[in-house]
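> Next up is a structure, given as structure tokens.
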Amino acid sequence: FQGIFVLGLPYALLHSGYSGLFLIVLAAALCCYTGKTLIACLYEENEEGQLLRVRDTYEDIANACCKPLSPRLGGVFVNVTQVMELIMTCVLYLVVSGNLLSHSWPEVPVTEKTWSVIAFVALLPCVFIKTLKIVSKLSQLCSLAHLVTILVVTTYCLTQTHRWSWAKFRLSLEFEDFLVSVGVIIFSYTSQIFLPTLEGNMKNPGEFSCMLNWTHFLACVLKTTFALTAFLTWGEETKEVITDNLPSFLQTLMNLCLLAKALLSYPLPFFAATEIVCACLSGGNPSTYSSPLFTLAVRGSFLLITLLMAVFVPHFALLMGLTGSVTGAAMTFLLPSLFHLKLKWKKLSLSEKFADMAIFTLGSLCSIAGIVCSIKGLLEVFG
């Protein structure tokens with residue numbers, strides 16, 4: 001959750017003012033809490049009061065909650081939602097890669113879509129990724145590229161302290177602009193899709209809660225510092241992607257760092273989505289799931305789908321916003337709260353029940369508002 005969205009946080013502050021700073025902190029706390037509640041749903045107490053991991057995935061949790069209605073209804077819904085969000089994330093990385101390449105070499109007579117195809121070629125080896133360990137190595141490199149970008153932008157901003165003024169913060173807000181800021185801030189923290197797999201692969205799962213606390217705390221500090229210094233530097237001139245505000249010599253360098261980050265970020269959602277699809281298509285048959293030809297076919301098809309969507313889907317940003325409002329809010333707020341209430345109701349304290357209900361309500365409002373704004377934007381575009 002230190003992804004591409006972080007570069008849009010200064011722009012979010014432009015439209016949300018002081019409330020944006022509060023939202024960055026609040027979103028960290030809420031996402032950390034729902035991450036813990038989701039993992040709690042993986043465990044049940046035995047007769048001796050010991051916690052045992054009886055479920056492995058988000059799908060298993062959903063199936064357990066919807067069992068009275070249908071044994072697999074919840075799992076199907078969760079899988080469809082997850083794959084939709086992961087596909088859109090992969091497509092976004094391809095679109096961003098094409099955009100960054102075109103801005104890095106504007107003198108080359110090549111369209112953004114063609115640059116996206118060129119970036120796609122670099123991602124072909126993804127079909128051979130077999131384990132999460134390989135993905136983690138790529139994610140480390142991704143984090144390094146991101147860290148370089150953050151440090152360069154922050155360092156440049158610190159050299160411009162003579163331009164800073166708290167008067168740049170807005171007190172009055174436009175409601176629709178504020179909703180856009182809410183979406184950017186909240187969804188910059190989303191990681192719930194990956195948490196069951198991450199917790200299951202930890203050497204010491206007992207440290208998961210501590211890890212989640214520290215990562216969200218550090219992410220909150222970094223996001224706040226980065227967004228604040230950048231916004232104070234450029235004020236009303238702050239652009240949607242903050243690297244576009246940099247001088248030209250730094251902008252090209254940062255675009256290349258962001259390109260590396262986008263390409264290195266692609267394998268994680270790609271791996272997660274293909275694992276879900278392979279498991280669903282194999283129908284629980286281990287021999288089918290482990291077949292190299294089968295997995296290569298699924299991964300190759302998925303890779304091609306993301307390319308076609310990146311090249312041919314019009315007004316992708318609006319469609320991404322619509323999908324994010326539906327799937328992002330559901331996976332981050334609605335479902336973890338609902339599942340926690342359903343599976344742990346008898347053991348929850350009154351304050352925990354209230355927290356889950358409040359988060360569910362807040363998530364519903366954010367989702368509805370985001371859907372309305374996205375549909376309104378699509379209707380304006382299509383006349």
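The values are calculated or read from the model by the stated rules, or taken from the named source; none is laboratory data. Given the structure is predicted, the values throughout are model-derived calculations rather than measurements. In this analysis, Cβ positions are derived from the backbone assuming ideal geometry, glycine residues included, and neighbour counts consider all displayed protein chains. Quick note on the areas: whole protein, heavy atoms, side chains included, nothing else; ligands and nucleic acids left out. Shrake-Rupley method; radii C 1.70, N 1.55, O 1.52, S 1.80 Å.
> Can you tell me which of LEU322, LEU334, LEU304, LEU296 is open to solvent by 50 Å² or more (accessible area, probe 1.4 Å) and either modelled with pLDDT under 90 or in contact with a Gly (Cβ under 8 Å, 6 or more places away or on another chain) (or both)?
Exactly one of LEU322, LEU334, LEU304, LEU296 is open to solvent by 50 Å² or more (accessible area, probe 1.4 Å) and either modelled with pLDDT under 90 or in contact with a Gly (Cβ under 8 Å, 6 or more places away or on another chain) (or both), namely LEU296.
> Does LEU94 count as more than 26 Å from ASP60 (Cβ to Cβ) and open to solvent by less than 10 Å² (accessible area, probe 1.4 Å)?
Yes.
> Note down all Cβ pairs under 7 Å where the first residue falls in the stretch 157-169 and is touching a residue at least 12 places away in the same chain (Cβ under 8 Å) and in a helix (DSSP H, G or I), the second is open to solvent by less than 40 Å² (accessible area, probe 1.4 Å) and not charged (D, E, K, R), and they're at least six residues apart or on different chains.
The qualifying pairs are CYS157/THR229; CYS157/ALA230; CYS157/THR233; LEU158/THR229; ARG163/THR233; LYS168/PHE231; LYS168/LEU232; LYS168/GLY235.
> Test each condition in (1) surrounded by 13 or more Cβ atoms within 10 Å (Cβ to Cβ); (2) farther than 27 Å from TYR33 by Cα for LEU158 and report the one that comes out false.
Unmet condition: (1).
> Which count do you get for residues in the stretch 62-91 that are charged (D, E, K, R) and either open to solvent by less than 30 Å² (accessible area, probe 1.4 Å) or not in a helix (DSSP H, G or I) (or both)?
Selection size over the stretch 62-91: 2.
> What number of residues within the stretch 192-212 satisfy the criterion of being more than 16 Å from CYS41 (Cα to Cα) and out of contact with any helix residue (DSSP H, G or I) (no Cβ under 7 Å at 6 or more places or on another chain)?
5
> Could you list all residues from the stretch 338-370 that are touching a helix residue (DSSP H, G or I) at 6+ places or on another chain (Cβ under 7 Å), among the hydrophobic types (A, V, I, L, M, F, W, C), over 17 Å from LEU26 (Cα atoms) and open to solvent by 50 Å² or more (accessible area, probe 1.4 Å)?
Residue satisfying the conditions is LEU338 alone.
> Where residues in the stretch 1-51 are among the small types (Gly, Ala, Ser) and not in a helix (DSSP H, G or I), which of them is surrounded by the fewest Cβ atoms within 10 Å (Cβ to Cβ)?
Once the filter is applied, the top-ranked residue is GLY49.
> For LEU228, work out the one condition from (1) modelled with pLDDT under 85; (2) open to solvent by less than 50 Å² (accessible area, probe 1.4 Å); (3) assigned to a helix (DSSP H, G or I) it doesn't fulfil.
(1)
> Of GLU199, GLU176, GLU236, which residue is assigned to a helix (DSSP H, G or I), modelled with pLDDT of 90 or more and of a type in the set (Asp, Glu)?
GLU199
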